[in-house]
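Following: one structure in structure tokens, then a few remarks.
The values are calculated or read from the model by the stated rules, or taken from the named source; none is laboratory data. The shown structure was predicted, so the numbers you read here are calculated from the model rather than taken from an experiment. Here the Cβ is made from the backbone with ideal geometry for all residues, glycine too, and neighbour counts use every protein chain on show.
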Amino acid sequence: MSNKKSKAIDYNAIFNFLMIICIIYFATVFIDFFLIFSNIISVSLSFISAGFLALYFFLKKDLCLILSFVCSALCIAITYYIANFSA
């Protein structure tokens, strides 16, 4: 038998990596969509999404992060729909 120590998973590093991806994602969405196609529905969904993300940092509830991503996805979908299918 060998006495190898198992490495523990560093969840803080994973969390920090995911938060960096999330922040880059929000910055990309803001630059790509809102500065080009600014409409009230997309902007309000963006602020709601950022609000849920801020709540996640304070409350540490997974539901806040899920709602943040849902609002971001809706924001992208609505902006894409308005940009491509409106006359």
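Among the numbered criteria (1) surrounded by 10 or more Cβ atoms within 10 Å (Cβ to Cβ); (2) modelled with pLDDT under 75, which one does Ile40 miss?
Failed condition: (1).
Pull out all pairs, ordered by first then second residue, where Cβ-Cβ is under 6 Å, the residues are six or more apart or on different chains, the first lies in segment 49-71 and is assigned to a helix (DSSP H, G or I), and the second is among the aliphatic types (A, V, I, L, M) and surrounded by fewer than 18 Cβ atoms within 10 Å (Cβ to Cβ).
Correct list of pairs: Cys64/Leu55; Cys71/Ile48.
Considering only residues of segment 43-67 that are of a type in the set (S, T, N, Q) and in contact with a Cys (Cβ under 8 Å, 6 or more places away or on another chain), which is surrounded by the fewest Cβ atoms within 10 Å (Cβ to Cβ)?
So, considering only residues that are of a type in the set (S, T, N, Q) and in contact with a Cys (Cβ under 8 Å, 6 or more places away or on another chain), the one surrounded by the fewest Cβ atoms within 10 Å (Cβ to Cβ) is Ser46.
Exactly one of these conditions fails for Ala77: (1) over 23 Å from Asn12 (Cβ atoms); (2) part of a helix (DSSP H, G or I); (3) modelled with pLDDT under 80. Give me its number.
Going through (1) over 23 Å from Asn12 (Cβ atoms); (2) part of a helix (DSSP H, G or I); (3) modelled with pLDDT under 80 one by one, Ala77 breaks only (3).
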